[in-house]
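The structure under discussion appears below in the form of structure tokens.
Please treat every number below as a calculation from the coordinates, not as lab data. Computed from a prediction, not measured in an experiment: that's the story for all the values here. Here Cβ is always computed from backbone atoms with ideal geometry, including for glycine, and neighbour counts include all displayed protein chains.
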Amino acid sequence: MAEQKELPSTRRLLDLIDAMAGQPVVMVADLVADRFITGTPKRISREAPVLILRHEEERLLPGGGANAVANVAALGGEPRVLGVVGDDDSGRQLLAALAERAIDTGGIEIRPGYRTPTKTRVLGGGRHAIKQQIVRFDIEDPLDLSAEDRARLTARLTQLTDMARPARVAVISDYGYGAATAHFVAPLRRALGDDAILLCDSRYRLAEFSGLDGATPNEEEAEQLLGAPLGDDTGAVAEAGQELRRRLGARFLLLTRGSRGMSLVSDGAAHHLPVHGTDQVADVTGAGDTVIGTFALAQAAGASALEAALLANYAGGVVVMKMGTATLDADELRTAVAGIRGEADRRG
């Protein structure tokens, strides 16, 4: 297995970050509301052996596929979103949170009677200390799309792609909630054309998505699909990645491996990227959304798969040092690239 040796220059990566501004990315996403409730400890309850917290604040942030959308917007891109929320408080707050980020929500359907997927995290700790997650509870109503529903959403998808500035990259962010399914692969391909790049991040059903150009499975997802562990040997990881890429019929795969970094495999080549930053992370919540968002936006700006993977690696290293569901902006990404790559260039 050949390993690609040449890396793009720091200047090239910085130019690509500049080129991300205003680039459109079509995003079919399972939209999730991430709710964070924080408090400071009072005492142990007399009613049950549980901690009583004094309420401090409550925040709702874009989660799941909505976090991938928010990351594209934070980096200066133009996410064109197709998704579904419920006519509930979480849905309304999620739409408001997206609108606050100047994200067009016109492609998002509000479905009566549907409860927006919501992950509520309760965090506790001292007033001036880092809050620790105590418990999480999820609202996960399945969304069963009828043929009529799919036809209606496909029509909305056509509107998102048929705009003055055409998109050349699309993302399907599938969290298993039913809005982002393999049904949309063919309509996206027809709408965007054969030269477009179609990417997918699927937590449970990647094998169902045929016709992709690329995907970003994490290590657990890849091992589940392969039926075997990836291991630590980079050669074995490359071979396993190539086998999975062939099964999916994709041109490239970006395997995210936590503290072991990422591995990009394409036809006949592999490149292993060490983790950016430190492995002493603050919070990995939503890091995969940052990776797919950055990876997609970079390719919309003209990056190769390797260049996009490098930028996604830097972006992921930044957000895991933040608490909660996080994004980063273009300046933070420039700082990461200039700091790490610049030092490497000087040593070289």
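Can you tally the lysine pairs in the chain where the Cα-Cα distance is under 22 Å and the two residues are eight or more apart, or on different chains?
Details: Lys42/Lys131; Lys119/Lys131; Lys119/Lys322; Lys131/Lys322.
Eligible lysine pairs with Cα atoms under 22 Å apart amount to 4.
Rounded to the nearest 5, what % of the DSSP beta bridges within region 13-132 are antiparallel ones? If you can, show how the numbers build up before the last one.
Numbers: 14 of 30 bridges.
Of all bridge pairs located within region 13-132, approximately 45 percent are antiparallel.
Quick check: Cα centre of region 59-78 to Cα centre of region 1-53, how many Å?
That distance is 8 Å.
Tell me, what is the percent relative contact order of region 141-241, built from C-alpha pairs under 8 Å that lie six or more residues apart?
Across region 141-241, relative contact order equals 22 percent.
Can you pull out the GluC sites (Glu not before Pro) in region 218-275 whose DSSP state is coil and whose Cβ has at most 13 other Cβ atoms within 10 Å?
Answer in residue order: no site qualifies.
Of the listed values (1) 20.8; (2) 23.0; (3) 22.0, grab the one calculated as Kirkwood radius over Cα pairs in Å from the structure here.
Computing Kirkwood radius over Cα pairs in Å and matching it to (1) 20.8; (2) 23.0; (3) 22.0 gives (1).
So, with +1 on the Cβ of K and R and -1 on the Cβ of D and E, and no other charges, what is the size of the charge dipole of region 243-327 about its Cα centre, to the nearest 20 debye?
Magnitude of the dipole: close to 220 debye.
Restricting to bridges with both residues inside the chain, how much of the DSSP beta-bridge set is antiparallel, in percent to the nearest 5?
Beta bridges within the chain, antiparallel portion: roughly 50 percent.
Where the centroid of each part is defined by its Cα atoms, how far is region 260-336 from region 191-219 in Å?
So the separation of the two Cα centres works out to 17 Å.
Compare Ala238, Ala151, Ala21 in a GNM of the chain, Cα atoms joined below 10 Å, and give the one with the largest fluctuation.
Highest fluctuation of the listed residues: Ala151.
What dipole magnitude, in Debye to the nearest 20, does region 59-109 give about its Cα centre under +1 on Lys/Arg Cβ and -1 on Asp/Glu Cβ?
Working: 4 positive and 7 negative charges, 41 e Å.
Computed charge dipole of region 59-109: roughly 200 debye.
Pick out, from Leu143, His128, Val171, the residue whose Cα sits farthest towards the positive end of the charge dipole of region 125-182, with +1 on the Cβ of Lys and Arg and -1 on the Cβ of Asp and Glu.
His128
Among Ser259, Leu212, Leu225, whose Cα projects farthest towards the positive end of the dipole of region 200-311, with charges put on the beta-carbon of Lys, Arg (+1) and Asp, Glu (-1)?
Leu212
About the Cα centre of the chain, how large is the charge dipole given +1 on each Lys and Arg Cβ and -1 on each Asp and Glu Cβ? Please answer in debye to the nearest 20.
640
If you build a Gaussian network model of the chain, linking Cα atoms that sit under 10 Å apart, which residue out of Asn71, Asn313, Asn218 swings the most?
Judging by the Gaussian network model, the answer is Asn218.
Using only alpha-carbon positions, what ratio does the radius of gyration of region 156-231 give when scaled by 2.2 N^0.38 Å?
Numbers: Rg = 13.8 Å, N = 76, 2.2 N^0.38 = 11.4 Å.
Relative to the rule-of-thumb radius for its length, region 156-231 sits at 1.21.
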